[in-house]
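These notes concern the structure reproduced below.
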Amino acid sequence: MASLSDIALIDPENGIMHYQGLITFCDEFTAKVKHSCKQSRPLVFALCSNTIGGIAGYVASVHAHIVVALLSDDIGIEQFNDLVTAYVPDLIWAPKHRTDIIGNEIRAFEAFGYVLINTHLDSSMPLHNDLALLMTTSGSTGSPKFVRQSYANLRSNTKSIISYLDIDEHERAITSLPLEYVYGLSVVNSHLQAGASLVLTEDGVCQKEFWNLIHRYGVTSMAGVPYTYELLYRLRIDRMDLPSLTTFTQAGGHLAPMLQTFYGTYAQHTGRRFFIMYGQAEATARMAYLPPDACLDKIGSMGVAIPGGRFELIDDEKKRIDKNDTEGELIYYGENVCMGYAICRADLQKADENKGVLHTGDEAMRDADGFYRIVGRKKRFIKLCGKRVSLESVDDMLRARFPDVDCVSGGDDTQLVIFVASPCNTSLMKHSLAELLRMNKKLITIHCVASIPRNEAGKIRYSALKAFLDDQGCCS
Amino acid sequence: MPSSHSDTDETQSEKNDRIYSTIFAEEFETNRESVSGLSMESTSMWDSLEHMYLIAALEEAFDVVFEPEDVIAFDSFKAGRDILRSYGIEI
């Protein structure tokens, strides 16, 4: 059993925080919030980082029973201001270096390189009592949409994750993912709830310090998106000496079959555990996992529902599919299904709209053993390096920046592809998109086509675009 | 008819230096004179995607295969040059 004198957070920059220290911080934070804020349930915007300040600020907000919206600490000021306008937060918890956000506001509280300020914006709109957390899904595409997660969602999903990953107080995870993503956050929630510990870093697998920390602190687990596991494959992880690192988890998109075989084999040969998982912010974090023993037998599968959850497949008429090996939309039932979305402060008053049922938007099949595999997506988005990119939003950007160009976005989880059917400056388009979406240009391809496929009504036939990806065409 | 010799009669070391700098200059959209100070820490464009691309480009240009420790140690223009030297590349 964990005790208060056990280590919770190890931050190479800021030192070690034990569970007692975390509780003390939470109490202090709560007192300062009460003192500086007249609302009994204020809304705080917290800018995230994998540091004591970033994590403790989140934990303290939930502990204080105030609603917290998690944002990236390098969020652009325009996007931040748009969110402030839409949601009228009462408080902001930001790292000191964001002077553009903190301005000259009086600091209600300062700790671990972070500052708490009261916005003095007047919102008399109350927040629903079950609401705990607001998470973005759209990253940098600018949409102000949040997923509304409840205290019950967090409790249930965290408990389930601890159970199937078998996390106990001896585990020590490294923060290999951003805190403002549900996957990264789930690593923090599950390890703290289990009384385990976390090594905090902002470095990635390509950096020396990441590996130094794993060795120095005896890190036992890491989490990654498919791209992380591609990098580790090229870094030849199977030849690295990593005595403490015994558990690897993967989510945030589909892992290539070759890599599933590689990691399944690596894990089997070395007595490690490699967990493929599936989830989305709309389900708090996680819906499914592939038991490590099944990894090599079920290539392409993301497994079975997590403890307490349940899947169903429905056909085009919304009827349940009972046959195996038949495609349908994947529906998930569980206590971790979020309350719904929000696009403005008024939406934060709403109750639970989903009532434990989530239409995942993914098309899937179930095999004879009850294992599921994702075969397609209904919604128009891709996941690049684990981050969701809405193709609708990209189309909006293209319309705004390149109004005279006949184009549409598409692609898969490895590449954003812009199909262009009229003359355009492809290099400028790529550059603009890379800047707007804050992504590396290498993830964008401009594909020139003769025409964009449309039906008689003039609507774009998105499914026909896939055929172009196989063409040679002219790409840049 | 253009001469079959290079105009400047580069040494192997100068040639490798030019190839190396050109890879960086193209990747980071700058000129060869400005690349010597580039590092993972100071250059926001140098993310993990860029990193793997640089490794692949250097492996191909110099016909070497980076050891994992060197992939991780390669965190700046200068560090990359030292690593290539350790593989016997004159640079």
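Read-outs throughout are calculated quantities, based only on the coordinates presented, and are distinct from any laboratory measurement. The structure displayed is predicted, hence computed values, not measured ones. Using ideal geometry, Cβ is built from the backbone for each residue, glycine included, and neighbour counts are taken over all protein chains shown.
Under Stokes-Einstein, with the Kirkwood radius over Cα pairs as Rh, the value for chain B at 4 °C and 1.567 mPa s is 94 µm²/s.
On the basis of the beta-carbon distance and an R0 of 41 Å, A:Ala294 and A:Leu428 show a calculated FRET efficiency of 0.30. Look at the stretch A:194-207: the mean tally of other chain Cβ atoms within 10 Å of its residues' Cβ atoms is 2.
Straightening the chain between A:Asp100 and A:Asn14 buys 28.6 nm, computed as 0.36 nm per residue apart minus the Cα-Cα spacing.
The distance between label points at A:Ile314 and B:Glu29 comes to 4.6 nm (points 7 Å beyond Cα on the Cα→Cβ vector). Available extension along the chain between A:Thr30 and A:Val375 is 119.6 nm, counting 0.36 nm per residue and deducting the alpha carbon span. When the C-alpha to C-alpha distance is required to be over 18 Å, the pairs from A:Lys355/A:Lys387; A:Lys378/A:Lys459; A:Lys350/A:Lys383; A:Lys208/B:Lys78 that qualify are A:Lys355/A:Lys387; A:Lys350/A:Lys383. For A:Leu4 and A:Arg155, a Förster radius of 30 Å and the Cβ-Cβ distance give a FRET efficiency of 0.90, rounded to the nearest 0.05. Per-residue Karplus couplings for region B:84-91, computed as 6.51 cos²θ - 1.76 cosθ + 1.60 with θ equal to phi - 60°, are listed in order as 4, 4, 5, 9, x, 8, 7, 7 Hz, Gly and Pro entered as x. Calculate how many DSSP beta bridges within the protein assembly as shown are antiparallel, expressed in % of all such bridges and rounded to the nearest 5. Roughly 65 percent of the beta bridges in the protein assembly as shown run antiparallel, per DSSP.
For A:Lys32, the lysines whose Cα comes closer than 22 Å to its Cα, not counting residues fewer than 8 places off in the same chain, are A:Lys96. Label positions at A:Tyr266 and A:Asp322, each projected 7 Å from the Cα along the C-beta direction, are separated by 4.3 nm. Sorting A:81-87, A:241-247 by average packing, meaning the other beta carbons within 10 Å per residue, from highest down gives A:81-87, A:241-247. Counting only other chain Cβ atoms within 10 Å of each residue's Cβ, the peptide B:64-72 averages 4. As a calculated quantity, the FRET efficiency between B:Thr22 and A:Lys350 at R0 = 56 Å, using C-beta atoms, amounts to about 0.50.
Karplus-derived 3J(HN,Hα) values for region A:94-109, using 6.51 cos²θ - 1.76 cosθ + 1.60 with θ = phi - 60°, are 9, x, 3, 5, 7, 5, 5, 8, 6, x, 9, 4, 5, 8, 6, 6 Hz; glycine and proline are entered as x.
Once you order the gyration tensor axes a ≥ b ≥ c over the Cα atoms, which shape class does the protein assembly as shown get: rounded for a/c under 1.5, otherwise prolate or oblate by comparing a/b with b/c? In terms of gyration-tensor shape, rounded. Peptide B:45-53 shows a mean partner chain C-beta count of 5 within 10 Å per residue C-beta. The mean sequence distance of close C-alpha pairs (under 8 Å, at least 6 residues apart), as a share of the length of region A:381-471, puts its relative contact order at 23 percent. Modelled spin labels at A:Glu335 and A:Ser463, positioned 7 Å past Cα toward Cβ, are 3.9 nm from each other.
With the Cα gyration tensor of region A:362-463 giving a ≥ b ≥ c as the square roots of its eigenvalues, does the rule (a/c under 1.5 for rounded; else a/b larger than b/c for prolate; else oblate) give rounded, prolate or oblate? Since a/c reaches 1.5 but b/c is at least a/b, the shape of region A:362-463 is classed as oblate. Listed by chain and number, the aspartates and glutamates whose alpha-carbon sits under 20 Å from that of A:Lys323, ignoring those within fewer than 8 places in the same chain, are A:Glu312, A:Asp315, A:Asp362, A:Glu363, A:Asp367, A:Asp369. Per-residue 3J(HN,Hα) values for region A:227-233, derived from phi via the Karplus relation 6.51 cos²θ - 1.76 cosθ + 1.60 with θ = phi - 60°, read 4, 4, 6, 5, 4, 5, 5 Hz in sequence order (x marks Gly and Pro).
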